[in-house]
Structures are given as C-alpha cells and as structure tokens.
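The values are calculated or read from the model by the stated rules, or taken from the named source; none is laboratory data. What you are looking at is a predicted structure, and each value in this text was computed from that prediction instead of being measured. Neighbour counts run over all protein chains shown; Cβ positions are idealised from the backbone, glycine included.
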Amino acid sequence: MAVLWALGALYFSLNPPDALVRGQAPHWNAPLYALDLLLPVIELGQDTYWKPMGVAQWAATALTLLGWI
C-alpha cells in the first residue's frame, strides 16, 4: 500500500489534474490526493475537487480499485 501511495504521489506531482471548478478546489497536494484515492472509504476531501483526464484518469481509477482490493 505504501508503494502504491508513493507511486501515485509521484505520478500526480508530475501530472496534476485540473480543478473541477476553478477557485473552489483546495490547494493541490499530490500525496494527499493519491492517499484519498487509495483509501476510498475515508474521505480526505481531495478526490472530489479534481478532474483527471486521459492517462491520469486511468491512474486514479487504478489507485481506487487497488485500494478496494
């Protein structure tokens, strides 16, 4: 789980997604975003404010699925 979190944090720090609504998203924090994706039961207040597109959307989905597993 720690390795997945570190890989997700690294990926999203290099490829930050756009805000869903500009001006309403919290300050961007890639490690917290990756952790919020990996822990789908716990709401850390990050994943609902960002809109990953393309490969980032697949990475976000993979982290969420792996977190459930």
Checklist outcome for this item: Residue pairs qualifying under the 6 Å Cβ cut-off, at least six apart or on distinct chains, with the first in the range 9-32 being under 12 Å from THR48 (Cα atoms) and free of Cβ contacts under 8 Å to residues at least 60 places away in the same chain and the second being of a type in the set (Lys, Arg) and surrounded by fewer than 15 Cβ atoms within 10 Å (Cβ to Cβ), are PRO17/LYS51; ASP18/LYS51; LEU20/LYS51
Item to check | All positions within the range 32-69 that are among the β-branched types (Val, Ile, Thr) and within 16 Å of TYR11 (Cα to Cα) | outcome: VAL55, THR61, THR64
Next on the checklist: With the requirement that a residue be loosely packed, with under 14 Cβ neighbours inside 10 Å and of a type in the set (Gly, Ala, Ser), what does the range 32-60 give you?
Outcome noted: GLY45, GLY54
Checklist entry - Pick from ALA59, ALA6: which is aliphatic (A, V, I, L, M), in a helix (DSSP H, G or I) and within 9 Å of the chain's Cα centre (by Cα)? => result ALA59
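Does ASN29 fit the bill of being of a type in the set (S, T, N, Q), within 16 Å of ALA62 (Cα to Cα) and surrounded by 14 or more Cβ atoms within 10 Å (Cβ to Cβ)?
Numbers: of a type in the set (S, T, N, Q): yes; within 16 Å of ALA62 (Cα to Cα): no; surrounded by 14 or more Cβ atoms within 10 Å (Cβ to Cβ): yes.
No: the conditions fail for ASN29.
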Checklist outcome for this item: Within the range 25-56, of all residues that are small (Gly, Ala, Ser) and assigned to a loop (DSSP other than H, G, I, E, B), the one modelled with the highest pLDDT is GLY54
